[in-house]
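Since the structure comes first, as structure tokens, the remarks are kept for the end.
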Amino acid sequence: HIGIQGTSLGGVVATLSASLDDAFDRQLLVVCGGDLHGVLTKGAKDAKKTLEKLLGTGVKESELSDVLAPIEPLRIAHRLSSEKTWLYYASFDTVVPPEHARQLASCIGLPKKHQITMLANHYSGIAYLPGIIESVIKD
């Protein structure tokens, strides 16, 4: 059995990878979401730093959506199997605000039992990871 797990930006990578290749038995996405433009412009801490670095390369804010379009998970996440995908997001996340996780869940068509809210922030949610992995393996 082969699975893929991604957290934060890694969750975006896992979403894109699994959307393009149906080789994974399970997809586990943690504290990530869709609408990268919104995440970068509304998110705090790491999201804000990433936006600053991107703008520092010469990308103008008016070009941001076009620059991010090729890696926007909402563009292809509908290809993911909703029965093989789990999304865990943090209720107090200011880096990837929960509404972006919900957008991704909606795009995938995830059933409620595969959308789990953690009482955590973007960073403290790591404490849930051993239980998350065990839960996904058993399901």
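The values are calculated or read from the model by the stated rules, or taken from the named source; none is laboratory data. Since this is a predicted model, take the numbers as computed values, not measurements. Every residue, glycine as well, gets a Cβ built from its backbone with ideal geometry; the counts of neighbours run over all protein chains shown. SASA here: full protein model, heavy atoms, side chains in, ligands and nucleic acids out. Shrake-Rupley method; radii C 1.70, N 1.55, O 1.52, S 1.80 Å.
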Some residue of the range 26-45 being among the polar types (S, T, N, Q) and under 9 Å from the mean Cα position of the chain (by Cα): no
Helices (runs of 4 or more DSSP H) completely within the range 1-105 that count 2 or more residues being among the basic types (Lys, Arg): 46-56
Residue list for the range 37-59, restricted to those being under 19 Å from TYR88 (Cβ atoms) and open to solvent by less than 30 Å² (accessible area, probe 1.4 Å): VAL39, GLY43, ALA47
Tally of residues being open to solvent by 50 Å² or more (accessible area, probe 1.4 Å) and under 19 Å from GLY109 (Cβ atoms) across the range 1-28: 5
Which numbered condition PHE92 misses (of (1) without any contact (Cβ under 8 Å) to a residue 40 or more places away in the chain; (2) open to solvent by less than 90 Å² (accessible area, probe 1.4 Å)): (2)
Some residue of the range 108-118 being modelled with pLDDT of 95 or more, over 20 Å from ARG26 (Cα atoms) and open to solvent by 10 Å² or more (accessible area, probe 1.4 Å): no
